[in-house]
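S.K.: Attaching a single structure in structure tokens format; questions to follow.
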Amino acid sequence: AVLRAAVLAGDAGAWAAWLEAAYPRVERYVRWRCGGPGELADEVLQDAWLTAARTVRRFDPARADFAGWVCGVAANV
């Protein structure tokens, strides 16, 4: 919740910390869903993070952790 508030306030360092902590889990999930490394997985990862950045106000830390939420975004991508 603290990181979310900082991100929403425009703290680039908070966003970087959030992304760095969540990225490995999200990347593993996307590569698994896409059948391993490759262009499709790279595109899905990029689209998922862009969508997450654009819709971060919808993230509710009471319902899921950030990496889990981004995995949900990726599943819809």
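The values are calculated or read from the model by the stated rules, or taken from the named source; none is laboratory data. Please read these numbers as outputs of a predicted model, since none were measured by experiment. Counting neighbours? That spans all protein chains shown, and the Cβs are built from the backbone with ideal geometry, glycine included. Note: accessible area is taken over every heavy atom of the protein model, side chains too, but ligands, DNA and RNA are not part of it. Shrake-Rupley method; radii C 1.70, N 1.55, O 1.52, S 1.80 Å.
S.K.: Test D60 against the criterion of being modelled with pLDDT under 95 and open to solvent by 60 Å² or more (accessible area, probe 1.4 Å), and give yes or no.
M.R.: Numbers: modelled with pLDDT under 95: yes; open to solvent by 60 Å² or more (accessible area, probe 1.4 Å): yes.
It is true that D60 is modelled with pLDDT under 95 and open to solvent by 60 Å² or more (accessible area, probe 1.4 Å).
S.K.: Let me ask something additional. A48: open to solvent by less than 60 Å² (accessible area, probe 1.4 Å) and small (G, A, S), yes or no?
M.R.: So A48 fits the description; yes.
S.K.: Could you identify the single residue in A22, A5, A41 that is open to solvent by 50 Å² or more (accessible area, probe 1.4 Å) and small (G, A, S)?
M.R.: Numbers: A22 fails: open to solvent by 50 Å² or more (accessible area, probe 1.4 Å); A41 fails: open to solvent by 50 Å² or more (accessible area, probe 1.4 Å).
On inspection, the qualifying residue turns out to be A5.
S.K.: Within region 63-77, take every residue that is among the aliphatic types (A, V, I, L, M) and not in a helix (DSSP H, G or I) and give me the one that is surrounded by the fewest Cβ atoms within 10 Å (Cβ to Cβ). Spell out how you get there, then give the answer.
M.R.: Let us first name the residues in region 63-77 that are among the aliphatic types (A, V, I, L, M), namely 64, 67, 70, 73-75, 77.
Right, trim to not in a helix (DSSP H, G or I) and you get 64, 77.
Details: A64: 13, V77: 17.
Only one residue fits best here, namely A64.
S.K.: While we're looking at this one, here's another question. Using beta carbons and a limit of 8 Å, which pairs, at least six apart or on different chains, have the first residue in region 25-43 and under 15 Å from N76 (Cα atoms) and the second one part of a loop (DSSP other than H, G, I, E, B)?
M.R.: Going by the 8 Å Cβ cut-off, the qualifying pairs are R31/P37; L40/C34; A41/C34; A41/G35.
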